1. Give me the net charge for the shell around residue 453: Cβ to Cβ below 14 angstrom, other residues only, Lys and Arg +1, Asp and Glu -1.
2. Could you derive backbone 3J(HN,Hα) for segment 299-307 from the dihedral phi with the Karplus parameters 6.51, -1.76 and 1.60 (θ = phi - 60°), listing whole Hz in sequence and x where the residue is Gly or Pro?
3. Considering only Cα-Cα distances, which of the following residue pairs are longer than 18 Å: 196/234; 244/279; 196/244?
4. Got a number for carbon plus sulfur as a percent of segment 166-219's accessible area, 1.4 Å probe?
5. Output the antiparallel fraction of DSSP beta bridges having both residues in segment 385-478, as a percent to the nearest 5.
6. Amide H neighbours of residue 110 under 5 Å, counting only residues 5+ apart in sequence or on other chains, H built in-plane at 1.01 Å?
7. At 1.4 Å probe size, with every protein chain present, just tell me what the per residue accessible area of segment 150-197 comes to in Å².
8. Return the aspartates and glutamates within reach of residue 143: Cα separation strictly under 15 angstrom, same-chain partners fewer than 8 residues apart disregarded; answer none if there are no such residues.
Amino acid sequence: MTITSAGRPAPPRHRQERPGGRRRAGRRRGHRIRVALAVCLSLLVLATAGAGWLYLKLDGNISTFDSGGVSDDRPRAGSSKGENVLLIGSDARTDGNAALGGGDKDDIGRSDTTLLLHVYADHRHALAVSIPRDTLVTIPPCKLPDGSWTKTQTDTMFNAAYSVGETAKGNPACTQNTVEHLTGLRVDHTVVVDFKGFARLTEVVGGVQVCLPQDVYENDLNPHRTTPGRLLFKKGVQTVSGQKALDYVRIRHGIGDGSDIGRIKRQQAFVASLLKEVKSKGLTPTHLLPLADAATKSLTVDPGLGSADKLISFAMSLKDVDLHNTKFVTLPWRYDGSRVAIVEPDADALWAALKSDRTIDGKNATGKQKGKQKTPSASPTPVSGSGISVGVYNGTTVTGLAARAAATLTSDGFTVTGTSTANSQDHPTTLVEYGPGEESQARTVAAAFPGATLESVTSAGISVVLGQSYATTPTASPAAVPSTVADGARSADDNPCSNLTYG
């Protein structure tokens, strides 16, 4: 305090603001805001960089096969309303797979497991069709490593397609060509999983629950052993992963009836349990990224899935598919000696149902239905084909026409003895050919094809040669997957011990 000369305290001075004081305080607040924004921006950049690094890492994991090996003669895009994904289990011994599966690392790549997965257009239903490896099929021309193409092979085992070219990594494009030729369905994506990829997937999800009908020993996995060896699996329900999961899906001898069909049943149950584990953890990026990292290290895919972004986007598109509505079936089959033959017209009816997006119980799964669904009549003119056998031939270039007609005739009670391509594909109208004494039955067949003409021939039997007029006539979709196929279906939410007929 200041004292005046008179001894009195000086009057207090008023406090004055420093020039520019408020401006400096405003600058301090602005500085803090800018620092906060800079920190947030830095964190965002770091997070984005981390995600980018992870995607680059996943991209580096993925291998693609040469799309130049895919045939030009294939079903047109959009021929099926849903999406078709070919899943191939490769037993190639390259890249360290020999340590898991045994054998020589330079051995020829083979495909012991193949599933055609149809994801319906509503993205709430899916149907996986197993194709037995010993099935006798026609393998169309396929590209060899030197750039040349093979000739068509008939009555050849299905898994031979993957071995065309005899390379250690196999030939997924040839298997895709064969499946498209067999089904008339366009394969949108192909995914090959090897031993290592399979083992890693089972480890990342924490194991998969399986069920064994009996104790399984080493000689069940290797029939060349002279002694039982150690116990590999105990009877009943258990959780397996890694090498043990691989051993489980590869067991064939010494369990069930020892057939490949039996192994397919167990593999379907395994994949169902794997899906259940994945779904239980949620299809979110947090859970998908570890799965993607494990899977992509041992995946070979078509170029359409050749990046992490595409692969994860595809996986996320399946998040609404319900487990109960995810079904597993096997291509209609019968034994033909030591091989497997396709049962017709059941197989053709199955492919026709998938093309029209009909579920296993006949529902429309295109996602576009409105109001109460009506059950369509099988043919424009209701007829009864009881006791009448007929062969069906496609006299046009329209893929899958014979299968469509076979499904129609079967639902009307006819017995379809087989489907094939006619000698010429330029028939404008449908022709019904009949042998001596069969005109009355032929007229019944013709009633199912309005506008069809009749023609007598010298050989016995009745045949339908489909013309372009049938191809352009709107017809109802097949009612459902054939009961011979549907009766043996497994749902992804089934008990792992159920429906193991052959296992």
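The values are calculated or read from the model by the stated rules, or taken from the named source; none is laboratory data. Remember, it's a predicted structure, so these values are computed and weren't measured experimentally. Cβ: placed from backbone, ideal geometry, glycine included. Neighbour counts: every protein chain shown. With ligands, DNA and RNA removed, areas are computed over all heavy atoms of the protein, side chains included. Shrake-Rupley method; radii C 1.70, N 1.55, O 1.52, S 1.80 Å.
1. On the way: positive: 443; negative: 433, 439, 455.
Residues near residue 453 contribute -2 overall.
2. 9, 10, 10, 6, x, x, 10, x, 9
3. Values: 196/234 24 Å; 244/279 22 Å; 196/244 12 Å.
Where the Cα-Cα span goes over 18 Å, the pairs concerned are 196/234; 244/279.
4. Numbers: 760 of 1780 Å².
Ligands and nucleic acids excluded, carbon and sulfur reach 43 percent.
5. Numbers: 4 of 18 bridges.
Bridges in segment 385-478 that DSSP calls antiparallel: roughly 20 percent.
6. Sorted by chain and number, the residues that satisfy this are 91, 92.
7. Working: 1680 Å² over 48 residues.
Accessible area per residue, segment 150-197: 35 Å².
8. Straight-line reach from residue 143, under 15 Å: 66, 72, 73, 166.
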